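Participant: Structure provided below as structure tokens; questions to follow.
The values are calculated or read from the model by the stated rules, or taken from the named source; none is laboratory data. Being a predicted model, the structure only gives us computed values, none of them experimental. Every residue, glycine among them, receives a Cβ derived from its backbone with ideal geometry; neighbour counts consider all protein chains shown. Surface accessibility is based on the protein's heavy atoms, side chains included, excluding ligands, DNA and RNA. Shrake-Rupley method; radii C 1.70, N 1.55, O 1.52, S 1.80 Å.
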Amino acid sequence: MVTYIDLTLIAVALTLLLWYLFSKPKDYPPGPIKWPIVGNMFQMKVDGYTHRAMSKWHKKYGEVVGLFTGSSPVVLISGLDAIREALTRDDFSGRQGNSILKIMNDGERLGIVNTDGEVWKAQRRFTLHRLRDFGFGKNTLESIAHEEIRAVFNDIDRASGGAEKGYSNPVCFHDILGGTSINILWHIISGKRYDHDDPEFKYLTTSVNKFFQVSEPSGGILIAFPGLVKIFPSLARTKELRATCEPLFKFLEDMIAEHKKTIDYDNPRDFTDVYLVEIEKQKGNPNSSFHEKQLREVCAEAFIGGTDTTFANLTFAILFLVLFPDAQKKAQDELDRVVGRERLPSLEDKPRLPYAEAMVQEILRISSVVALCVPHAPLTSKDAISFRGYRIPKGTRVLFNFYDLHHDPNYWDDPLSFKPERFLDGNENLIRHDPLLPFSAGKRVCPGETLARNNIFLIVTAILQKYTLSTPEGRPKPTTDPTPSFVLCAKRFETKVQLRS
Ligand code: HEM
């Protein structure tokens with residue numbers, strides 16, 4: 001028979017269990033209820049978008065929000081002051097490491113994006129310096145970019161029917177711009193350019209796109225239930241993620257093997273060669289982090305980090321230029337005045353093309369393709385770090401609310417409109433806006449920033465110099481809702497191109 005004592009004990013046990021299941025770590029930032037087992041996993045999206053859920057939580061709970069993917073802590077930092085403060089602190093510059101890349105590297109954390117501490121410092125410093133030596137971000141790269149732009153023109157002419165058919169076929173720029181920016185980067189890394197129609201190259205760039213579509217900024221099921229994913233890999237689409245990485249890793253191994261066969265150690269030709277020279281130089285140094293697997297990973301990260309981000313910005317550039325024809329016209333008038341039509345725009349023209357420069361800033365703002373940053377993690381030997389009165393436990397995934405920052409009406413007037421003018425003063429001088437952080441800031445700031453900015457500038461100005469873009473007659477205007485993905489991209493849409501007379 002059940003007694004009052006039994007009932008009291010059951011009630012106490014249940015209360016303790018519920019308290020345990022719903023409890024959060026001490027001094028954890030405010031946030032929604034932590035549901036047992038799943039945490040906030042099923043609340044991490046609004047209309048299918050993680051960045052929309054994060055904006056909602058910023059408004060509701062403030063600049064520091066505590067969330068959970070399963071029982072794994074995720075902290076969201078929003079607003080310019082809080083974001084800047086955290087990004088400039090050393091103890092916020094760690095990483096958890098991408099689970100799939102770890103699997104691909106037999107459990108090791110390699111490269112730049114996924115490491116911290118001494119390995120990260122050595123790899124990042126070396127990579128940044130050597131990429132600069134090979135013209136990364138410099139005008140010497142311009143001729144490679146111009147070659148790519150001519151290939152883009154050919155593709156546009158072919159897809160639209162060209163002069164023969166009066167450019168009458170609508171064009172989908174997603175099919176044209178995929179290989180452009182990666183080809184420019186790849187030239188520095190491996191000395192090689194790929195034809196835009198090369199099936200292997202097309203396959204690789206599409207794979208990277210898939211990699212981001214399957215990745216979750218909040219970590220998803222891979223972070224919440226790693227044990228379960230080991231037994232049922234299909235839950236986290238691990239197989240799919242692996243399948244996107246394997247061909248890229250194989251492609252890079254072949255590229256490195258080819259370089260090893262033909263290298264002249266006294267005359268390195270490209271980044272891969274200088275890395276191989278460094279491996280030789282550091283042989284015998286027990287603390288060296290330079291080896292072939294590391295080279296493969298650094299190249300993979302450049303491929304992954306450099307492909308989809310720039311491509312996504314270019315798709316948004318075309319989209320907003322179609323939707324805001326006045327901005328297009330202003331950029332074209334400036335190009336006609338300063339550059340004319342006889343030669344392609346050059347990086348040297350930049351100081352005399354303030355509207356075009358402002359347009360690049362506005363493309364980066366309105367697209368905010370890396371909407372929540374690449375997740376950081378506390379870097380500390382203690383159990384937690386403190387921030388604005390809260391405790392952030394070691395192992396927390398820290399997200400930065402860039403999309404929200406770039407669309408916050410407190411910083412930007414009419415944030416959903418494409419207005420390059422917001423980056424110009426009354427005298428057509430460029431102005432800096434502190435709340436614009438598309439490449440992040442601090443120690444982890446994107447090392448590809450200059451290259452990406454230059455590519456977007458050269459490609460968009462060249463397209464506008466030659467063509468006028470609009471929505472094909474009788475078609476609805478394309479949506480500005482992005483494809484839900486770790487890297488936001490414009491949804492596919494068709495554009496009418498007209499050769500400028
Ligand atoms: C428009 C294009 C691009 C955007 C918007 C972008 C944005 C970003 C952002 C937001 C981060 C995270 C920084 C942080 O963790 O605080 C990042 C990191 C990184 N990006 Fe980019 N990126 C772009 C292009 C590139 C290119 C072309 C490369 C090729 C070299 C590249 C390589 C990297 C690497 C290696 C990191 C990791 C840095 C580290 O952990 O120390 N990115 N990028």
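Participant: Within region 1-140, how many Lys pairs sit with Cα atoms under 22 Å apart, leaving out pairs fewer than 8 places apart on the same chain?
Facilitator: Counting lysine pairs in region 1-140 gives 15.
Participant: For the pair Glu253 and Glu200, how long in nm is the line joining their label points, each one 7 Å along Cα→Cβ?
Facilitator: 1.4
Participant: Once the Cα atoms of region 374-451 are picked out, what are the Rg and Dmax in Å?
Facilitator: Considering region 374-451 through its Cα atoms, Rg and Dmax are 16.8, 52 Å.
Participant: Which stretch or stretches of region 285-316 have amide N atoms under 13 Å from the point lying 7 Å from Ser417's Cα along the Cα→Cβ direction?
Facilitator: Residues passing the 13 Å test: none.
Participant: Using the alpha-carbon centroid of each, what span in Å lies between region 396-436 and region 64-90?
Facilitator: 20
Participant: Further question: Could you give the DSSP H helices of the chain that reach 18 angstrom or more along their long axis (alpha carbon positions) and whose average Kyte-Doolittle hydropathy is no lower than -1.0?
Facilitator: Helices meeting the span and hydropathy rule in the chain are 4-22, 142-160, 199-214, 238-262, 292-323, 354-367, 449-466.
Participant: Next up: Treat every Asp and Glu Cβ in region 183-248 as -1 and every Lys and Arg Cβ as +1, leave all other atoms uncharged, and give the resulting dipole magnitude about the Cα centre to the nearest 20 debye.
Facilitator: 220
Participant: Would you mind putting 261-269, 27-35 in packing order, based on average other-beta-carbon counts within 10 Å, highest first?
Facilitator: Averaged packing, sorted descending, gives the order 27-35, 261-269.
Participant: Mind checking the full-extension length gain between Lys59 and Ser23? Use 0.36 nm per residue of separation minus the Cα-Cα distance, one decimal, nm.
Facilitator: 10.7 nm
Participant: Same structure again: Roughly to the nearest percent, how much of the accessible area of region 1-106 is carbon and sulfur, given a 1.4 Å probe?
Facilitator: Taking all protein chains in place, region 1-106 shows 66 percent carbon and sulfur surface.
Participant: Compute log10 of I(q)/I(0) for the chain with the Debye formula, placing one identical point scatterer on every Cα and leaving out solvent, at q = 0.06, 0.08, 0.12 Å⁻¹, to two decimals.
Facilitator: The calculated log intensity ratios at q = 0.06, 0.08, 0.12 Å⁻¹ are -0.31, -0.54, -1.16.
Participant: Measure off 7 Å from each Cα along the Cα-to-Cβ vector at Thr479 and Ser289, then give the distance between these two points in nanometres to one decimal.
Facilitator: In this crude spin-label approximation the distance works out to 4.2 nm.
Participant: Now for a separate question. For region 315-439, with every protein chain kept in place, what is the accessible area per residue (1.4 Å probe, Å²)?
Facilitator: Computed with neighbouring chains in place, this is 41 Å² per residue.
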